[in-house]
Amino acid sequence: MPELPEVETTRAGLAPHLEGRRVSGVVLRRPDLRWPIPPEVPALLPGQRILAVRRRAKYLLLDTAAGSALLHLGMSGSLRVLPSSTPVREHDHVDLLLGSRRVLRFNDPRRFGCLLWQAPGEVHPLLRGLGPEPLSDAFDGDYLFARSRGRRAPVKTFLMDQRIVVGVGNIYAAEALHRAGISPLRPAGRVSRERYRALADAVRAILAHAIARGGTTLRDFLAPDGAPGYFEQELSAYGRGGEPCPRCGRPLRQALVGQRTTAWCGHCQR
Ligand SMILES: [Zn+2]
């Protein structure tokens with residue numbers, strides 16, 4: 001699944017090709033993705049100039065004066081800017097025509113992605129109630145400490161809650177907890193302020209590194225330039241249950257935490 005770094009990589013890759021360009025037409029090859037594509041997309045988007053390409057959590061927003069196209073890549077979605085003559089492949093569900101020469105093409109084999117519409121001055125319901133961006137100034141250890149008081153949920157579940165902070169998926173939560181030396185099972189309300197500072201620093205460092213590298217380990221993801229977004233990332237804990245801890249060499253434990261597979265070191269993470 002594309003996580004925040006992949007989506008940010010997609011945004012940064014698309015922005016120079018889209019910002020300032022006018023959408024000349026919309027081609028919908030099916031009426032829905034995960035949800036129906038609202039009538040505003042084909043009705044309002046043609047003729048509009050794309051003013052900015054933004055990201056909020058794992059959503060991309062193409063801002064125009066008429067409103068914003070709201071995109072999510074779901075499990076397997078990819079967005080590419082291609083010459084208009086590029087033959088349509090299976091699962092190429094949506095094209096935004098960018099004049100006669102180029103097209104923004106949305107491919108999504110599993111159709112967990114979406115294309116929705118946000119009216120000017122409104123916040124789409126999917127974007128309401130989201131926590132801060134992990135790379136923003138609003139996210140730090142003091143924030144996590146304050147939000148976690150009295151919570152008995154495991155700290156990993158807390159960290160993956162989009163109302164607390166957006167875009168920390170299973171991979172990054174496992175990696176950040178290993179780096180910070182915190183057991184994923186520890187109740188969120190029983191982690192000290194100092195340790196939350198270490199955790200926030202770990203989240204930021206790991207996400208920033210992944211963005212710099214262009215993403216994580218994904219079969220289905222395609223970078224906007226067409227290169228596969230597959231990077232051999234140095235994962236310390238995620239997916240490594242039973243393998244030696246990179247820090248102490250003891251075998252990593254593995255269990256389900258909040259229905260998600262989690263690996264951690266029982267020695268280094270308390
Ligand atoms: Zn260890």
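Structural remarks
A quick yes/no check of all residues on (1) crowded, with 16+ Cβ neighbours inside 10 Å; (2) modelled with pLDDT under 95:
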| site | (1), (2) |
| --- | --- |
| G189 | no, no |
| R193 | no, no |
| A198 | yes, no |
| V203 | yes, no |
| G214 | yes, yes |
| G242 | no, no |
| Q269 | yes, no |
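- The condition (being free of Cβ contacts under 8 Å to residues at least 12 places away in the same chain and either crowded, with 19+ Cβ neighbours inside 10 Å or in the same structural domain as R29 (by TED's automatic domain parsing) (or both)) is satisfied by just one residue among S78, S85: S85.
- Meets criteria (surrounded by fewer than 21 Cβ atoms within 10 Å (Cβ to Cβ) and either touching a helix residue (DSSP H, G or I) at 6+ places or on another chain (Cβ under 6 Å) or at pLDDT below 85 (or both)) for Q233: yes
- Within segment 126-180, being under 19 Å from E8 (Cβ atoms) and in contact with a Cys (Cβ under 9 Å, 6 or more places away or on another chain) holds for one residue alone: L126.
- Test: R163 is assigned to a loop (DSSP other than H, G, I, E, B), touching a Leu at 6+ places or on another chain (Cβ under 8 Å) and surrounded by fewer than 20 Cβ atoms within 10 Å (Cβ to Cβ): yes
- Tallying residues that are buried (at least 23 other Cβ atoms within 10 Å of the Cβ) and part of a loop (DSSP other than H, G, I, E, B) within segment 1-22 yields 1.
- Number of residues in segment 241-270 that are among the polar types (S, T, N, Q) and near the ligand (Cβ under 10 Å from one of its atoms) equals 1.
- P87 in a loop (DSSP other than H, G, I, E, B), in contact with a Ser or Thr (Cβ under 9 Å, 6 or more places away or on another chain), of a type outside the set (G, A, S) and over 22 Å from T9 (Cα atoms): no
- Residues that are in contact (Cβ under 8 Å) with a residue 40 or more places away in the chain and either more than 28 Å from Q254 (Cβ to Cβ) or crowded, with 18+ Cβ neighbours inside 10 Å (or both), drawn from segment 143-154: Y143, L144, F145, S148, R149, P154
- Among the residues making up segment 109-142, those that are within 16 Å of V166 (Cα to Cα) and either in contact (Cβ under 8 Å) with a residue 60 or more places away in the chain or touching a strand residue (DSSP E or B) at 6+ places or on another chain (Cβ under 6 Å) (or both) are H124, L126, L127, L130, E133, P134, L135, F139, D140, G141.
The values are calculated or read from the model by the stated rules, or taken from the named source; none is laboratory data. None of the values given here were measured: they were computed from a predicted structure. Virtual Cβ from ideal backbone geometry, glycine too; neighbours counted across all protein chains shown.
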